[in-house]
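Okay, so here's the structure we're looking at.
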Amino acid sequence: DYLRRMAESRAPNDTIMMERIVNREFKNNDFTKYILDRIEEEHYMKTGGREKTVGDRSTVDIEHIAPQRAFSADKYSEWKRYLNCTEEEFNEYKKRLGNLTLLQDSLNQTASDNPYEQKCNIYRNNTDFLMTQAIPEDYDEWSLDNIRDRSEKMAEIICEVWSMENV
């Protein structure tokens, strides 16, 4: 009871957690893979009934739905037009949780340069990750508004997973 009270008194409430998660940049590292994997396990697998986890993180990549270099590399010029925003606006959103998903490393190399519609075909048909399969089901197009929306949804899932009620 003492430890629970101490944790509750020091932990941020869900509102603060949501705000921090939604507005935070997530690096391309094992911590972010862990967060995405927990979302996959605790939300998507429980509702989808499958048991796929990151397991060996060296075989799974963090996929940026809108490429990080959409404004800085010529090969992404289509994305620049597609996103219909300024480079400064995009820079605020490109590393947000809503723009990230899990993808097997071989598929990430295939998907990386493609426009959104082609990425959706890969997400829909070639990956075992339910989180990634849900992207084309939930979003007909990809935009900063959709990155924000998905970030909020994922933050809600994180708050459910790490709620003090579950500790």
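Report the one residue of Met45, Asn28, Ala7 whose Cα lies farthest in the direction of the positive end of the charge dipole of segment 1-47 (charges on C-beta: Lys and Arg +1, Asp and Glu -1; origin at the Cα centre).
Value: Ala7.
So which residue, out of Asp37, Asp128, Asp145, gets the largest mean-square fluctuation from a GNM of the chain using Cα contacts under 10 Å as springs?
Result: Asp145 has the largest fluctuation of those listed.
Can you check what the net charge comes to around Leu83, using other residues whose Cβ is under 11 Å from the Cβ of Leu83 (Lys, Arg +1; Asp, Glu -1)?
Numbers: positive: Lys80, Arg81, Lys94; negative: Glu78, Glu87, Glu89, Glu141, Asp145.
In short, -2.
Could you provide, to the nearest whole Å², the per residue accessible area of the chain with probe 1.4 Å?
On the way: 9420 Å² over 167 residues.
On a per-residue basis, the chain sits at 56 Å².
What list of ³J(HN,Hα) values in whole Hz, one per residue of segment 98-113 in order, does the Karplus curve 6.51 cos²θ - 1.76 cosθ + 1.60 (θ = phi - 60°) give from phi, with Gly and Pro shown as x?
x, 9, 10, 8, 9, 8, 4, 4, 5, 6, 5, 5, 5, 7, 3, 8
Modelled label-to-label distance, Asn91 and Asn121, 7 Å Cα→beta-carbon offset: nm?
3.4
Give me the one-decimal nm value for the distance between modelled label points at Gln68 and Asp149, 7 Å along each residue's Cα-to-Cβ direction.
The modelled label-to-label distance comes out at 2.6 nm.
Would you mind computing, in nm to one decimal, how far apart the modelled labels at Trp162 and Asp113 are, each placed 7 Å from Cα along Cα→Cβ?
Once both label points are built, they end up 3.7 nm from each other.
In whole angstrom, how long is each semi-axis of the equivalent ellipsoid of the chain, when you take the square root of 5 times every eigenvalue of its Cα gyration tensor and sort them from largest down? Don't skip to the end; give the middle numbers.
On the way: eigenvalues 167, 74, 35 Å².
The equivalent ellipsoid of the chain has semi-axes of 29, 19, 13 Å.
Using a probe of 1.4 angstrom, how much of the accessible area of the chain is carbon and sulfur, in percent? Display every interim value, and only then the final one.
Values: 3890 of 9420 Å².
The value for the chain is 41 percent carbon and sulfur by accessible area.
What residue among Lys153, Lys75, Lys119 shows peak mean-square fluctuation when the chain is described by a Gaussian network model with Cα springs under 10 Å?
Per the Cα network of the chain with a 10 Å cutoff, Lys75 tops the list.
The values are calculated or read from the model by the stated rules, or taken from the named source; none is laboratory data. Bear in mind the structure is a predicted one, so any value in this text is a computation, not a measurement. Backbone-built Cβ (ideal geometry, glycine too); neighbour counts: all protein chains shown. Heavy atoms of the whole protein, side chains included, go into the accessibility calculation; ligands, DNA and RNA do not. Shrake-Rupley method; radii C 1.70, N 1.55, O 1.52, S 1.80 Å.
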